[in-house]
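Input: one structure, supplied below.
The values are calculated or read from the model by the stated rules, or taken from the named source; none is laboratory data. Only a predicted model underlies this, so the values are computations on that prediction, with no experimental measurement involved. Cβ atoms come from the backbone with ideal geometry, glycine included; neighbour counts cover every protein chain shown.
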């Protein structure tokens, strides 16, 4: 059994989530949370770029 890096619970299924050079072994619940948080952060960054008229 493997241990989730997000919640420290032992589980049978581990999914690897990578952001940049960092890799985390997460259970399915933590994996879904990480993906959702990443999407929200990306949308917020796009919104801020739009408000500041960033074209780069």
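Between a first residue in the stretch 16-28 that is more than 12 Å from residue 6 (Cα to Cα) and a second residue that is part of a strand (DSSP E or B), which pairs have beta carbons less than 9 Å apart while being 6 or more apart in sequence or on different chains?
18/24
Moving on to the next point. I'd like to check something: does the stretch 34-54 contain any residue that is within 11 Å of the chain's Cα centre (by Cα) and not in a helix (DSSP H, G or I)? Spell out the reasoning first.
Let us first name the residues in the stretch 34-54 that are within 11 Å of the chain's Cα centre (by Cα), namely 34-42.
Then keep just the ones that are not in a helix (DSSP H, G or I); that gives none.
Looking through the stretch 34-54, none of the residues is within 11 Å of the chain's Cα centre (by Cα) and not in a helix (DSSP H, G or I).
Same structure again: Here are 36, 21: which of them is out of contact with any helix residue (DSSP H, G or I) (no Cβ under 8 Å at 6 or more places or on another chain) and modelled with pLDDT of 95 or more? Before you say what the answer is, go through the steps one by one.
On the way: 21 fails: modelled with pLDDT of 95 or more.
Criteria check complete, one pass: 36.
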